[in-house]
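The values are calculated or read from the model by the stated rules, or taken from the named source; none is laboratory data. These numbers come from a predicted model, not from an experiment. Note: ideal-geometry Cβ built from the backbone for every residue, glycine included; neighbour counts use all protein chains shown.
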Amino acid sequence: MRLDDLPRSDRIEDRRGEGASRLPLGRRGGIGIGTMLVLFLVGWALGINPYYLIGGAEIISGLRGDRQQAQPPPSQTNMEAPSDRMGEFVSAILGSTEVQWTEIFARAGRRYDPPTLTLFSGSTVSACGYAQAAMGPFYCPNDQKIYLDTAFFHDLESRFGGCNAGSKSCQFSQAYVITHEVGHHVQNLLGILPRVQQMQRGMDQAEANQLQVRVELQADCFAGVWAHHAEEKWRFIEPGDVEAAMQTASAIGDDRLQRRSQGYVVPDAFTHGSSEQRTRWFLAGLKSGQVEACDTFQATRP
């Protein structure tokens with residue numbers, strides 16, 4: 001993919017090299033250490049990558065309204081577009097989402113307030129609790145920030161087989177990961193995430209998981225919507241890019257992760273969707289460019 005023409009964002013919070021200043025131990029919003037350990041144990045028992053369980057729990061815990069979370073030290077935060085290669089890449093992808101979602105919201109008579117993307121290495125503190133690299137990228141509704149340890153991109157290449165390691169097309173796979181998290185921010189602005197949390201109250205775990213899958217698939221579709229409009233504006237997609245992104249979506253499907261870890265699949269434990277579902281919904285957004293095409297909640301086949 002070509003980055004030269006993409007606008008850069010200055011909404012990058014660079015905490016790489018800082019580490020977490022303190023560790024939130026309770027459940028005053030976000031996920032405590034006890035819960036994190038339980039999710040890891042449950043994840044391995046069910047054959048689910050634990051960071052997916054944690055990521056889903058982060059979203060739901062972030063919607064509970066408790067604002068007394070531990071916060072990172074503001075004096076150490078660097079708010080500007082990073083100048084290193086990875087920072088430049090993240091800034092370009094985030095900047096392009098700001099342009100596209102601002103235009104999409106404006107056409108609907110609404111205002112788009114972009115998220116901040118926090119880069120960290122190893123661990124940090126979010127308004128939804130403690131964040132560490134093993135959790136993967138996630139969106140926190142409490143502070144409307146995306147948290148990303150860029151070491152996750154290496155895992156996509158080396159561990160999950162998300163794309164051919166070292167290939168240029170891997171960048172579009174990485175862009176898909178970032179824009180999926182931006183998709184969660186869009187859902188939050190549209191009121192979708194709070195409504196989902198309300199609906200999940202009183203549901204059993206299998207039903208709650210099914211609803212969470214639809215949340216994640218919609219974020220995949222919103223990533224496709226971004227790609228559609230960004231391609232129309234900047235012609236930045238190169239041969240092999242979309243295929244690499246689809247390879248990544250397939251690699252992190254719940255069914256593939258479960259089969260890889262334990263040899264069989266537990267559909268009721270899905271939290272992000274199967275490989276087929278994730279690729280299908282991304283392509284739905286990419287081909288149509290329409291937010292309306294991403295209504296995973298009304299679809300008979302998620």
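Tell me yes or no: at least one residue of the stretch 99-107 is modelled with pLDDT of 50 or more, of a type in the set (Gly, Ala, Ser) and within 30 Å of MET199 (Cα to Cα). Yes, there is a match, as at least one residue in the stretch 99-107 is modelled with pLDDT of 50 or more, of a type in the set (Gly, Ala, Ser) and within 30 Å of MET199 (Cα to Cα).
Condition check for VAL125 on (1) modelled with pLDDT of 90 or more; (2) within 26 Å of ALA245 (Cα to Cα); (3) hydrophobic (A, V, I, L, M, F, W, C): one failure, at (2).
In this structure, GLY202 does not satisfy being assigned to a loop (DSSP other than H, G, I, E, B), at pLDDT below 90 and under 30 Å from PRO82 (Cβ atoms). If I ask for residues that are on the phi < 0 side of the Ramachandran plot and in a loop (DSSP other than H, G, I, E, B), which ones from the stretch 124-151 would you list? ALA127, CYS128, PRO137, PRO141, ASN142, ASP143, THR150, listed by residue number. In a residue-by-residue description of the stretch 56-66, the property of being more than 21 Å from GLU216 (Cβ to Cβ), at pLDDT below 90 and not charged (D, E, K, R) applies to at least one position.
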